[in-house]
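Here's the structure we're looking at; comments come further down.
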Amino acid sequence: MARILITSALPYINGVKHLGNLVGSMLPADAYARYMRARGHEVLLICATDEHGTPAELAAAAAGKPVAEYCAEMHEVQKALGAGFRLSFDHFGRSSSARNHELTQHMAGRLYEAGLIEEVMERQVYSNADGRFLPDRYIEGTCPNCGYERARGDQCENCTKQLEPTDLINPRSAISGSSDLEVRETKHLYLMQSKMRGKLAEWIDTKIDWPVLATSIAKKWLNDGEGLQDRSITRDLDWGIPVKRGASVWPGMEGKVFYVWFDAPIEYIAATAEWADVNGLGDAAWERWWREDRGAEDVRYVEFMAKDNIPFHTLSFPATLMGTNFDGAEPWKLVDFIKGVNWLTYEGGKFSTSQGRGVFMDQALEILPSDYWRWWLLSNAPEGSDSDFTWEGFQGGVNKDLADVLGNFVSRVTKFCRSKFGEEVPAGGAYGAAEEAVIADLSARLKVYAAHWEAVELRKAAAELRAMWVVGNEYLQSAEPWAVFKTDPERAGAIVRFALNLIRLYGVLSAPFIPDASEAMLGAMGAEDAGWPEDVAAALSALPAGHGFKVPDNLFSKITDDAREEMAARFAGA
RNA sequence: GGGCCCGUAGCUCAAUUGGUCAGAGCAGACCGCUCAUAACGGUUUGGUUGGGGGUUCAAGUCCCUCCGGGCCUACCA
């Protein structure tokens with residue numbers, strides 16, 4: 001039994017997440033956690049809302065609420081939606097928690113002691129009308145290069161030229177539209193990542209099994225230009241974690257907060273502490289997952305995220321943890337494997353919150369149960385490259401895989417049995433060559449399935465699972481109990497007994513992808529406590545003769561063409 | 001501009017890291033079955049692996065080049 005720590009990239013607080021966000025980290029993390037738990041490993045799955053930063057403040061303002069109140073509400077909304085998608089987080093925390101305040105300040109203090117913090121005087125644009133400093137991209141103006149009037153302070157979307165806010169002609173606040181802007185000096189803390197470049201590079205070089213996406217992005221940042229750049233870890237904002245060295249004030253940094261990207265990854269750890277608190281477990285309980293000197297030396301830590309998160313998880317966060325351990329006193333657990341995925345697109349374009357384009361988590365659950373989405377998203381996860389959500393593809397995948405191959409199998413077996421033998425497992429006959437062949441086939445496929453999960457290959461695992469469902473239909477077709485029943489009811493009984501056991505087996509194997517349907521299958525078979533089939537032959541004899549079962553409602557209904565067209569129109573966006 | 005990834009059957013993707021006639025699923029065609037959600041099973045059509053050149057006994061896989069997509073390039077997260 002291994003100990004596996006799993007974190008999902010933190011969903012940002014400013015609204016309901018779309019299917020792309022879901023499949024980018026939370027859903028794969030959940031499926032992986034479910035599989036590993038099913039195999040008997042000790043698993044801890046951690047996620048949280050990422051609550052700091054300018055967009056959170058603006059979203060709160062737009063909603064007409066104090067930011068703390070807004071975040072608290074949105075946290076509950078996201079938590080409920082996660083539950084709706086059956087995301088089995090051991091804890092879904094908040095980056096604004098007291099634990100994270102304490103830990104973030106502690107780590108900053110340690111980095112200071114390590115000599116890895118530098119104070120830098122910056123010049124930033126301040127908006128008098130908005131009463132705040134504006135991040136580059138919140139300043140709009142005319143592009144000096146192409147004349148586009150809505151260029152942003154970081155880059156012109158029209159001509160793609162990279163800009164400084166001060167390059168813009170007629171600059172104005174993107175928030176209020178005010179042109180009452182001025183450049184002010186403000187002091188910030190920089191994490192001197194450049195000092196850790198060698199150490200980070202050496203560490204990355206050991207990660208030969210990571211997706212190219214992850215290592216290539218990390219190496220690019222390490223080696224590009226003058227190498228890894230030092231990075232500001234503070235901001236002039238109200239909402240956030242106040243800048244402190246541990247519990248002490250940080251002279252000259254009053255009124256400032258840590259940058260959201262500094263405190264968000266630390267929340268992985270803090271959320272684990274929150275988990276311990278909620279469960280009344282004490283510090284040792286979470287430290288054994290994160291501190292190599294306190295029990296975490298045998299933990300395998302796997303992170304899930306979309307590609308935009310990779311630099312922070314391969315460089316900034318490890319730099320923070322390594323720096324914090326400058327004297328060897330705090331050996332924090334570093335990530336062992338990063339599952340980085342690409343983007344999910346919507347009908348060939350981008351999901352867009354502002355234009356209402358694409359399907360968001362709340363809408364998805366209004367339309368169909370979570371299993372439909374989980375199956376399609378995971379079996380089409382954007383692993384190798386971006387993948388595209390289309391209603392036609394979704395309809396096809398769900399109807400064929402879930403309704404026809406799996407759902408119909410369960411239906412045909414249980415209904416046939418009920419009509420010929422009643423609602424209990426038939427007694428007669430014995431398994432023979434046909435059943436042995438299926439057992440051999442499934443045993444081999446189960447090994448492949450397990451190997452895909454070990455490698456975190458979602459699409460391949462899904463394909464193998466589907467192949468195992470197909471084996472059931474092939475078996476029924478060749479064994480044809482409906483014909484055998486007429487001449488040899490005993491033998492037909494054995495076939496049906498085997499098929500009922502297949503349903504139970506599928507219930508166990510399918511759970512990482514479609515937990516609700518799995519529960520329905522196991523419930524119908526009266527086998528809720530079924531464990532992983534280490535021995536397929538034994539697993540397919542688990543339901544004994546005379547064991548009662550129920551014919552479940554159809555596991556999945558099909559998406560009609562009319563329904564598909566209606567949804568396509570509804571979510572096409574403005 | 002610089003860097004990275006990708007281009008395989010009508011569609012979505014594989015291919016044990018250079019090694020049998022390049023494989024699946026969907027879609028199409030034909031056949032079978034009738035237990036089942038008009039579901040299932042079988043057979044089958046379909047590819048000069050984006051173009052060109054090179055290395056090698058051997059290239060989808062390595063090198064060069066061209067074409068066509070996508071992504072990243074750091075103070076929004």
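Coordinate-derived values only; no laboratory data. These numbers were taken from a predicted model, which means no experiment stands behind them. Quick reminder, even Gly has a Cβ in these numbers, built from the backbone with ideal geometry, and neighbours come from all protein chains shown.
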Binning every alpha carbon pair distance of region A:1-83 at 10 Å from zero, what are the percents per bin?
18, 41, 26, 12, 3, 0
How far, in degrees from 0 to 90, does helix A:408-421 lean away from the longest principal axis of the Cα atoms of chain A, to the nearest 10?
30
Using only Cα atoms, what is the ratio of the radius of gyration of region A:117-191 to 2.2 N^0.38 Å?
1.13
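About the Cα centre, and with charges only on the beta carbon of Lys, Arg (+1) and Asp, Glu (-1), how big is the dipole of chain A? Nearest 20 debye, please.
Numbers: 59 positive and 82 negative charges, 131 e Å.
That gives chain A a dipole magnitude of about 620 debye.
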Checked against the positive end of the charge dipole of chain A (+1 on Cβ of Lys and Arg, -1 on Cβ of Asp and Glu, about the Cα centre), the farthest of A:318, A:396, A:338 is A:396
Taking Rh as the Kirkwood radius computed over alpha-carbon pairs of region A:235-299 and applying Stokes-Einstein at 20 °C with viscosity 1.002 mPa s, one gets a diffusion coefficient in µm² s⁻¹ of 158
Using amide H atoms built in the peptide plane, which far-off residues or other-chain residues are under 5 Å from residue A:96 H to H?
A:51
Could you check what % of the DSSP bridge pairs in chain A are antiparallel, to the nearest 5?
55
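May I ask you to give the average projected area over all directions of the convex hull of the Cα atoms of region A:369-415, in nm² rounded to one decimal?
3.7
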Please report, in whole Å³, the volume per residue of the convex hull around the C-alpha atoms of region A:304-372.
148
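Could you work out the relative contact order of region A:242-347? I mean the mean sequence separation of Cα pairs under 8 Å and 6+ apart, divided by the number of residues, in percent.
Numbers: 98 pairs, mean separation 24.9, N = 106.
Relative CO of region A:242-347 lands at 24 percent.
Sequence gap at least 6, Cα distance under 8 Å: using those rules, report the relative contact order of region A:407-559 to the nearest whole percent.
On the way: 178 pairs, mean separation 55.0, N = 153.
Once normalised by length, the contact order is 36 percent.
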May I have the extent of the alpha carbons of chain A along their three principal axes, as whole Å values ordered from largest to smallest?
92, 55, 41
Tell me, what ³J(HN,Hα) does each residue in region A:275-288 have, in order and in whole Hz, if you take phi through Karplus 6.51 cos²θ - 1.76 cosθ + 1.60 with θ = phi - 60° and put x for Gly and Pro?
4, 5, 4, 4, 9, x, 9, x, 5, 4, 5, 8, 5, 6
Once Lys and Arg get +1 and Asp and Glu get -1 on their Cβ, which of A:141, A:126, A:22 lies farthest toward the positive end of the dipole of chain A?
A:22
As a footprinting exposure proxy, order A:230, A:180, A:562 by other Cβ within 10 Å, with the fewest listed first.
A:562, A:180, A:230
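Explain nothing, just the number: dipole magnitude of region A:117-191 about its Cα centre with +1 on each Lys and Arg Cβ and -1 on each Asp and Glu Cβ, in debye rounded to the nearest 20.
For this selection, approximately 160 debye.
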Net charge near residue A:336 (other residues with Cβ under 14 Å of its Cβ; Lys, Arg +1; Asp, Glu -1) is -1
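Given charges of +1 on the Cβ of Lys and Arg and -1 on the Cβ of Asp and Glu, with all other atoms neutral, how large is the dipole of region A:43-114 about its Cα centre, in debye to the nearest 20? List each step's numbers first, then the result.
Values: 6 positive and 9 negative charges, 34 e Å.
It comes to approximately 160 debye.
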For chain A, what relative contact order do you get, as a whole percent, if you take Cα pairs closer than 8 Å and at least 6 residues apart?
16
Along region A:186-193, Karplus-curve 3J(HN,Hα) (6.51, -1.76, 1.60; θ = phi - 60°) to the nearest Hz, with x for Gly and Pro, reads 8, 8, 9, 9, 10, 8, 7, 5
Considering only A:4, A:166, A:419, whose Cα is most displaced toward the positive end of the charge dipole of chain A, charges sitting on Cβ of Lys, Arg (+1) and Asp, Glu (-1)?
A:419
Just to be sure I follow: if Rg is taken over the C-alpha atoms of region A:391-539 and Rh is the Kirkwood radius over the same atoms, what is Rg/Rh?
0.97
Test of the criteria: in region A:387-464, which GluC sites (Glu not before Pro) are in a DSSP loop and have at most 15 other Cβ atoms within 10 angstrom of their Cβ?
A:423
Measuring from the longest principal axis of the C-alpha atoms of chain A, the long axis of helix A:27-38 (C-alpha) lies at a number of degrees, nearest 10, equal to 50
Taking H as built 1.01 Å from N, whose amide H comes closer than 5 Å to the amide H of residue A:245, not counting residues under 5 places away?
A:250
Mind listing the long-range amide H neighbours of residue A:239? Cut-off is under 5 Å, sequence gap 5 or more, other chains count too, H placed in the peptide plane at 1.01 Å from N.
none
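Quick check on the exposure proxy: order A:236, A:263, A:283 from fewest to most C-beta atoms within 10 angstrom. The partial results should precede the final answer.
Details: A:236 18, A:263 28, A:283 12.
In order of increasing Cβ crowding within 10 Å: A:283, A:236, A:263.
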What number comes out for the charge environment of residue A:429, summing +1 per Lys or Arg and -1 per Asp or Glu over other residues with Cβ under 9 Å away?
0
Quickly estimate the mean residue ellipticity at 222 nm for chain A, helices only: each DSSP H run with n ≥ 4 gives -39500 (n - 2.57), and the total goes over all residues, rounded to 500.
-13500 deg cm²/dmol
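Please rank A:560, A:390, A:314, A:206, fewest neighbouring Cβ atoms within 10 Å first, as an exposure proxy.
Values: A:560 11, A:390 16, A:314 27, A:206 8.
By the 10 Å Cβ count, ascending, the order reads A:206, A:560, A:390, A:314.
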Note the angle between two axes, namely the Cα long axis of helix A:489-510 and the longest principal axis of the Cα atoms of chain A, as a number of degrees from 0 to 90, rounded to the nearest 10.
10
May I ask for the net charge around residue A:442, where only other residues with Cβ less than 14 Å from the Cβ of residue A:442 are counted and Lys, Arg are +1 while Asp, Glu are -1?
-3
